[in-house]
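These notes are about the structure you will find just below.
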Amino acid sequence: MEFMTIVRPVIASCIVLISLIGNFLICIIVKRTKILHNFTNYMLVNYSVAAIVAALFFYPFRITLYFLDSGYWPFGSIWCKLSISLAPITVIVYSQSLICISYARFRAICCPLKPSLKPKLAILSSLTIWLITLLLTIPYML
C-alpha cells in the first residue's frame, strides 16, 4: 500500500478533529466567561458554530469522496444534496459574521462615544444571518 494513501486521510482527519476541538473550546469559553459576553465575541461564536457544522457535516464526506477517487457517492442522494448545500451555507455565514465583527470594530474605533453594540443584537444578527443563508441556499437543496 502506498504511503500517501495512509498519510493523507490521517492528516485530513486530524485537521477536522483539531477544528472541532478548537471551535468547541471557543464556544465554551465565551459562554462561561461573563466578561466575554459582548457583540464581537458572540459573532465569533457564530463563526465557530458554522465551522463546527462544516467540520461535522461537510468535510468528512468530501474527504471520503476525495479518497475514494471513483466518482461514486456512497452516502445517498439526499445527503449528497445536503452536503453540497453546506459549502455555501458555511461560507456565507463565515463572511457575514466577519462583516459584523468588522462593523463592530469600525464603530468602536471611529465612533467611540456611541454605545457599543449589545450582545442581544449579536444574537439577532446571528439568527438573521442563518435564516437568510438557509433561504438563499434552498435551490442547492432541491
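Please list, by residue number, every one of the chymotrypsin sites (Phe, Trp or Tyr not before Pro) in segment 13-117 that is coil in DSSP and has at most 14 other beta-carbon atoms within 10 Å.
Passing both the DSSP loop test and the Cβ count: Tyr72, Phe75.
For the chain, the carbon plus sulfur part of the accessible surface works out to 75%, probe radius 1.4 Å. Enter the angle in degrees (range 0 to 90, nearest 10) between the Cα long axis of helix 77-110 and the first principal axis of the Cα atoms of the chain, meaning the one along which they spread out most. Result, in degrees: 30. The distance linking segment 8-38 with segment 92-126 is 22 Å (Cα centroid to Cα centroid, whole angstrom).
Taken over the C-alpha atoms, the chain has Rg and Dmax values of 18.3, 65 angstrom. In straight-distance terms, cross-link reach from Lys120 covers every one of the lysines whose alpha-carbon lies under 23 Å from its own, apart from those fewer than eight places away in the same chain; here that gives Lys31, Lys34.
List the relative contact order of the chain as a percent without decimals, with contacts defined as Cα pairs under 8 Å and 6+ residues apart. The partial results should precede the final answer.
On the way: 117 pairs, mean separation 43.6, N = 142.
Over the chain, the number comes to 31 percent.
Do the sum for the chain: with -39,500 (n - 2.57) for every DSSP H run of n ≥ 4, divided by all residues, what is the mean residue ellipticity at 222 nm, to the nearest 500 deg cm²/dmol? Display every interim value, and only then the final one.
Details: 6 runs with 115 residues, N = 142.
That comes out to -27500 deg cm²/dmol.
Each of Met4 and Leu113 was given a label point 7 Å from its Cα along the Cα-to-Cβ line. The distance between the two points is 6.2 nm.
Quick one: helix 39-57 against the long Cα principal axis of the chain, what's the angle to the nearest 10°, folded into 0 to 90? That works out to roughly 10 degrees. Based on protein heavy atoms only, segment 1-129 ends up with 65 Å² per residue of surface accessible to a 1.4 Å probe.
The values are calculated or read from the model by the stated rules, or taken from the named source; none is laboratory data. Note that this is a predicted model, so its numbers are computed, not measured. Cβ: placed from backbone, ideal geometry, glycine included. Neighbour counts: every protein chain shown. The protein model used for the area step is the full one, side chains on, heavy atoms only, and it has no ligands, DNA or RNA in it. Shrake-Rupley method; radii C 1.70, N 1.55, O 1.52, S 1.80 Å.
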